[in-house]
Amino acid sequence: MKILWRHFDRFLRHRRDLLLGFACIPAAQLLDIYFTVRIGDALDRLRAGEDAGFLRNLFVLLVGIAALRGVFRYFQRWWIVAVSRYVENQLKQEIFDKLVSLPFAFHAKRKSGELVSRATSDVENVRMFLGPGLMYSAGAFVMVPASLWVLFDLEWRLALAMVVPLVLMGLGMKAFTPRLHKISTAVQESLAELSHRAQESFSGVRVVKGYALEGSMAARFRAQSREVERHQVELGRVRGATHALTHAAFDSTFVLILVLGGWAMIDRDLPAGDVFKFIDLTFKVFWPIIALGWIAGMYPRALSSAERIDELLATRSDIVDAPDARALPQVRGALRLAGVGFRHEGAERDALSGVDVAIHAGGVLGVVGPTGSGKSTLLLLLGRLHEATRGSIELDGTDVRRLPLEQLRTALGYVPQDGFLFSDTWRANVQFGADEPLSDERLRELARIACMDEELERFPAGMDVVIGERGVTLSGGQRQRTCLARALARDPRVLVLDDALSAVDTETEARLIENLRRAGAGRTVVVAAHRLSSVRRADAIVVLRRDGTVEAVGKHDALIARAGWYRDTWRAQQMREELEVL
Amino acid sequence: MSVHDENVVGKAWDGVVVRRLSGWARPHWRLFAASFAVLLGLFALDLLGPWMWRHILDGPVAEAVAARGAGGDSTIHMREFWWWIGGYCLLVVAQVALRHLEVSQLNRTGQAVIADLREALYGHIQALELSFHVRRPTGALVTRVTSDVENLNEMFTSGIITLLFDSLKVVVLLVAIFLLDWRLALVVAAGTPVLVGISIGFRGGARNAHRAVRAELARLNGYLQEVLQGIRVVQVFRRERQVGERFAGRLSTYLAANLRTIFLFALFFPAIDFAVSIIQGGTLWVGGLSIAEGRMSTGEFVQFWFYVALLVSPIRELGERYNILQSAFASAERIFDVLDTRAKVVGPAKSPRDAWTGRIRFEGVSFGYDGSTMVLEDADFEIAPGRTTALVGATGSGKTTLVNLLLRFYDPSAGRITLDGVDLRDIPLDALHARMGLVLQEDFLFSGTVRDNLVMGRAGVDDAALREAMRASHADEVVARLPGGLDAPVAERGATFSTGERQLLAIARALAARPPLVVLDEATASVDSGTEAKIEDATRKLLAGRSALVVAHRLSTVRRADEILVLHKGRIRERGRHEELLARGGLYARLHALQFSEAEVEPEH
Ligand SMILES: Nc1ncnc2c1ncn2[C@@H]1O[C@H](COP(=O)(O)OP(=O)(O)OP(=O)(O)O)[C@@H](O)[C@H]1O
Ligand SMILES: Nc1ncnc2c1ncn2[C@@H]1O[C@H](COP(=O)(O)OP(=O)(O)OP(=O)(O)O)[C@@H](O)[C@H]1O
Ligand SMILES: [Mg+2]
């Protein structure tokens, strides 16, 4: 409960609306009761033989009461529910900002679909409970005691007896709540799994089709779908039970009124108008009570949702600006890695260890090594997407942890290995890299540097061509070159290329390199590559071993002069070249 | 073919959709019949209750009061009173039991139907060709099989059946009210159109508002999902604030849509209650006159009051039901739209023959993704059994496209592709795919275990074959480093593997079934050259006598091919063996020269 109250703080930021809204509730409910009382009284007056002339004025009064009640109900809903929506938005924004700020390591382990559903259904659960939920509860907490108060005066035995079904229903609901909670959680989970299955097989549709997996995928989906059905049917059963329970309480209240009221009428001449009041107020008490049951059923879910949200919002990114972070007057681009090591969270071994290398501003640093040796990981450390677990990385002599992230990352132009693009236009994707709006001219220039200009011309929409999700409507090489244009758009001091030309043919590659050479004057370039010829002229080359340790650091000439992976690979590549010319 | 987006406006009643849905309902007619019986029984009991009230109040109670007033004996009336009470208790018990069934039975019925529908829909989407998938956000397709289908459940539980019964109720109650007291009935009859009017007027606005909320929410979530998938790019480009602002912009349109629904609902419920209160006031006025003139008893008034309450509740909910129906119809329409999209790339059910030699021919094949701009033109070549054909060419020249055609992800716009002289279109898709092992340029690992990803549910892949494939592809080294080995978990899209490692696993997957034809599209682009060479040798041994189609940029990987095709701007410009092509001094020779000249990244100083 404490957790939910903490969430209520966000509601309290809209104190005025909330207060006004809640103030409307008792007013509306009391008017509602008054409406019934006046009708009951009228019935008695009629039975007592009074002249029916008063009915006309009474009608006017009743209409007035109803109108006033309507006004209160309108504002009650408008104010309270609107506040709940403001809070929802606030919470969603907080979650979004948090998710975006959490390090890559956090995201690698989580399903994006799950995080999206957290931002949707968890927020909705909390909103429903604290917004409309509290509104309906407040309504019930006014309606029930006030009605009983009125009825107590008329026939206290009956009023007292009416409490019994209510209490029994409350207890019954309480008994059902854990089961309801358990089953609705099971339903939610099975639905989430179903949606995950669908998501995955639709995004991997090429592999599914290429391996003729439609049948086995459908079988798995079917099994999950039946699982969902089973849980849903079970949930329906429990819902049916709670539905029946509330109705049992309602209906047995009528039995009580019939028995005790009828008895009192016979025995003590209880006026029929009073029996009417019992009947009509039972109708009016019933709905708030049902709502209470519904809210009680929501409680466990809201609670666990609030817990999950809190947990997420409390997750701290350790990759933030240090308190003593100070910006460099100007970034020049000299890099220095000293004893750098890294271990993935929960991994048994280091992905990278003991990297010592330095590169002057404007120099080229090559990173090579077998598959899975940690090249990409090393490049990610530069921009602090991962934080080095050991050692230090310095940019222009300052530890990157002491630099504002803003400055560090603005200085970097990064081309990821997977070539991720957004489902937007080519133009928007390149613009993504730049801080200022790019002119058409500049965009064309970037396209030319990235050797995309001819291809863009072939698209009917030109630079405004929409590329599908993750860039599916581009060829692999086009994707990589778009990423390159995006990185160059920020005019970075340090260009980081992670195997960025692997899907580009040799001719284009040669042109690209030439272009980069010209456009990149004065830039530091860090390049991870598999073809050693791409790093041959580098000022320093780090050779990584399969286990993430450093085998050697040096220039090309020094590296081929000593035995090791570099020389072997170089020779093999040379030999193949020679073989080919034969 | 049009597939409606989230913005589609559903009709309130769509005969065609209902007819089609009833087709899905028919196999479960027993469940439906049971639901009907429950609702009918419940309605009868609902009518019976107030009737008993009247008889108790006007009968034993009034008589006992009168008898007592006359100083007579009321015992006999009391006994009668208790009999009635006993009957009423039985009624309540029956009612409660049926209330339980009302929810659980209807729910069960709906779930049974939608489970069928969901599975059929999923199967259908999977069968649809790639061009269908490429043009749609994955999220939208997922929505079809999840929330759209779930939405239909509402149609069954609180939609059609309930609506039918509600109308029945209104009619029966109106008749009953008239029979009871026509003057009072006139008051109610005058008020009913007002109620219905408010309800219907409301749904007009609510429809648009609801639709807007749903569409905005879908857009919001779609954006969030995409940002999460590209989180690395967002962070490294320091675009957290910008995407946050964009999200905030979407949030504020979402809020505006929500405020509109809140306004409508805040107006609607009080308005309906107000109208009901006027009817009640009128009932009191007219009824009161009747009571005063002795034309009506208290019991009758109470029965009447109950009936009015029964009558009002379905009308009150009409607006809501209307919305549910409408949104369900919109979902149904979107679902049927997908179901009506005929798969264009289909194969026959039966294979024209059992044994194939495996000769593949491209005969004058042309293809364009949008049908107009050709990406591939007039491709003519053959992959002879047991031979390796290589495909090289500039980026964007159409290599992957050609592979897509061979796999029948798309069908050629002109020309044909044959296997042993049989058009690929006349071969069952699974028979075709069972012959191939492929590594795609954009390969995909599923979440699950490493083993699942390698075996992929194929019957022929046993442990020995798996080990052999892993050894040849060097994936064994990757697996050896995982805690848990083959049973280690794979994250979404294999996010915890390096790019090269993912490729090695994909190669192992392709080799595991020892297919007659392997298709490798840039399969080793991110693998170091040492490993690459070893994989090549091992693969050649493993696949001795099998055919292969290899796409590569690094010419070293293709030089041993039996035939090399050089693709340029969608046309095959040169073909031949490595030496021949070098000797010819054309495109290939130029590419080759470039590759082995200087190629390194280095800015000018
Ligand atoms: N699904 C698609 N829809 C529309 N156009 C596409 C689609 N897929 C590819 N294209 C376009 O078709 C052309 C050829 O692409 P393809 O993927 O076949 O090239 P590729 O030779 O494999 O290139 P790379 O070597 O860069 O992978 C490109 O211009 C690309 O933009
Ligand atoms: N999130 C993660 N959790 C655990 N291990 C990881 C994670 N990400 C990567 N790894 C592991 O860290 C190692 C280094 O990966 P990295 O991507 O840096 O290799 P790489 O040298 O770039 O390889 P490639 O040549 O294939 O691109 C790999 O063994 C990989 O499986
Ligand atoms: Mg890598």
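Before moving on, here are some points about what is shown:
Conditions (1) assigned to a helix (DSSP H, G or I); (2) within 16 Å of ligand 2 (Cβ to nearest atom); (3) under 25 Å from A:Q330 (Cβ atoms), marked per residue:
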| residue | (1), (2), (3) |
| --- | --- |
| A:L443 | yes, no, no |
| A:L446 | yes, no, yes |
| A:L456 | yes, no, no |
| A:P460 | no, no, no |
| A:M463 | yes, no, no |
| A:R481 | yes, no, no |
| A:R486 | yes, no, yes |
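- The stretch A:192-208: number of residues that are over 30 Å from B:V518 (Cα atoms) and facing another protein chain (nearest Cβ under 7 Å): 2
- Going through (1) within 30 Å of A:G113 (Cα to Cα); (2) crowded, with 22+ Cβ neighbours inside 10 Å one by one, B:V188 falls short only on (1).
- Residue check: A:F283 meets all listed conditions (1) modelled with pLDDT of 80 or more; (2) within 13 Å of chain B (Cβ to nearest Cβ); (3) buried (at least 18 other Cβ atoms within 10 Å of the Cβ) but one, namely (3).
- Hits in the stretch B:495-532 (condition: in contact with a Phe, Trp or Tyr (Cβ under 8 Å, 6 or more places away or on another chain) and either of a type in the set (A, V, I, L, M, F, W, C) or within 15 Å of ligand 3 (Cβ to nearest atom) (or both)): B:L505
- The stretch A:44-80, residues that are touching a Pro at 6+ places or on another chain (Cβ under 6 Å) and under 30 Å from B:A248 (Cβ atoms): A:Y74
- Breaking point among (1) of a type in the set (G, A, S); (2) in a helix (DSSP H, G or I); (3) open to solvent by 30 Å² or more (accessible area, probe 1.4 Å), for A:G49: (2)
- Of the set (1) on the phi > 0 side of the Ramachandran plot; (2) within 16 Å of ligand 3 (Cβ to nearest atom), all apply to A:G462 but (2).
- Selected residue (criterion: nearest to ligand 1 (Cβ to nearest atom)) from residues of the stretch B:429-452 that are within 13 Å of B:A495 (Cβ to Cβ) and crowded, with 20+ Cβ neighbours inside 10 Å: B:L445
- Any hit, the stretch A:559-579, residues being more than 7 Å from chain B (Cβ to nearest Cβ) and within 20 Å of A:G362 (Cβ to Cβ): no
- Qualifying positions in the stretch A:127-185 - over 14 Å from A:W287 (Cα atoms) and among the hydroxyl-bearing types (S, T, Y): A:T177, A:S184, A:T185
- Only listed residue being at pLDDT 85 or above and either under 30 Å from A:L180 (Cβ atoms) or within 16 Å of ligand 1 (Cβ to nearest atom) (or both), chosen from A:A302, A:A351, A:A361: A:A302
- Test for B:A533: is it buried (at least 19 other Cβ atoms within 10 Å of the Cβ), at pLDDT 85 or above and assigned to a helix (DSSP H, G or I): no
- In the stretch B:191-215, residue nearest to the chain's Cα centre (by Cα) [restricted to those that are within 14 Å of chain A (Cβ to nearest Cβ) and open to solvent by 30 Å² or more (accessible area, probe 1.4 Å)]: B:R214
- Within the stretch B:363-401, restricting attention to residues that are more than 8 Å from ligand 1 (Cβ to nearest atom) and among the polar types (S, T, N, Q), the residue that is farthest from B:G415 (Cα to Cα) is B:T388.
- Given (1) facing chain A (nearest Cβ under 8 Å); (2) outside any helix (DSSP H, G or I); (3) not charged (D, E, K, R), number of the condition B:A271 does not satisfy: (2)
- B:S556 satisfies every condition listed in (1) farther than 24 Å from B:T449 by Cβ; (2) in a helix (DSSP H, G or I); (3) open to solvent by 20 Å² or more (accessible area, probe 1.4 Å) except (3).
- Any hit, the stretch A:61-71, residues being surrounded by fewer than 20 Cβ atoms within 10 Å (Cβ to Cβ), over 13 Å from the mean Cα position of the chain (by Cα), within 7 Å of chain B (Cβ to nearest Cβ) and within 30 Å of B:A275 (Cβ to Cβ): yes
- Residues of the stretch B:508-521 that turn out to be out of contact with any Pro (no Cβ under 9 Å at 6 or more places or on another chain), open to solvent by 10 Å² or more (accessible area, probe 1.4 Å) and outside any strand (DSSP E or B), as a count: 2
- One residue stands out among those in the stretch B:402-419 that are open to solvent by 10 Å² or more (accessible area, probe 1.4 Å) and either away from every other protein chain (no Cβ under 12 Å) or part of a strand (DSSP E or B) (or both): the one that is farthest from ligand 1 (Cβ to nearest atom), which is B:R416.
- Members of the stretch A:209-239 that are more than 7 Å from every other protein chain (Cβ to nearest Cβ) and closer than 18 Å to B:N453 by Cα: A:G215, A:A219, A:R220
- Verdict on A:R481 being more than 16 Å from ligand 3 (Cβ to nearest atom) and in contact (Cβ under 8 Å) with a residue 40 or more places away in the chain: no
- Beta carbons closer than 6 Å, at least 6 apart along the sequence or on distinct chains, pair a first residue in the stretch A:511-531 that is closer than 14 Å to A:L495 by Cα with a second that is assigned to a helix (DSSP H, G or I) for A:N515/A:I449; A:A519/A:I449; A:A528/A:K375; A:A528/A:L379.
- Residues located in the stretch B:62-84, provided they are assigned to a helix (DSSP H, G or I) and among the aliphatic types (A, V, I, L, M): B:A62, B:A64, B:V65, B:A66, B:A67, B:I76, B:M78
- Hey, A:A528 within 16 Å of ligand 2 (Cβ to nearest atom), closer than 17 Å to A:G419 by Cβ and among the small types (G, A, S) or not: yes
- If you go through the stretch B:131-151 and keep only what is at pLDDT 85 or above and more than 20 Å from B:G222 (Cβ to Cβ), you end up with nothing.
- Scanning the stretch A:517-548 for residues that are touching a Pro at 6+ places or on another chain (Cβ under 7 Å) and either within 13 Å of A:V357 (Cβ to Cβ) or away from ligand 3 (no atom under 16 Å from the Cβ) (or both) turns up A:R517, A:G520, A:A521, A:G522, A:R523, A:V525.
- Flag for B:T388 being touching a residue at least 60 places away in the same chain (Cβ under 8 Å), more than 16 Å from ligand 2 (Cβ to nearest atom), under 16 Å from A:G476 (Cβ atoms) and open to solvent by 10 Å² or more (accessible area, probe 1.4 Å): no
- For B:L101, the criteria (1) more than 8 Å from chain A (Cβ to nearest Cβ); (2) open to solvent by 10 Å² or more (accessible area, probe 1.4 Å); (3) modelled with pLDDT of 90 or more hold in every case but one, which is (1).
- Condition check for B:T496: under 30 Å from the mean Cα position of the chain (by Cα) and either part of a loop (DSSP other than H, G, I, E, B) or more than 12 Å from ligand 2 (Cβ to nearest atom) (or both): yes
The values are calculated or read from the model by the stated rules, or taken from the named source; none is laboratory data. None of the values given here were measured: they were computed from a predicted structure. Please note: Cβ atoms are built from the backbone with ideal geometry, for glycine as well, and neighbour counts cover all protein chains shown. Ligands, DNA and RNA are stripped out before the accessible areas are found, and what is left, the full protein with its side chains, is counted by its heavy atoms. Shrake-Rupley method; radii C 1.70, N 1.55, O 1.52, S 1.80 Å.
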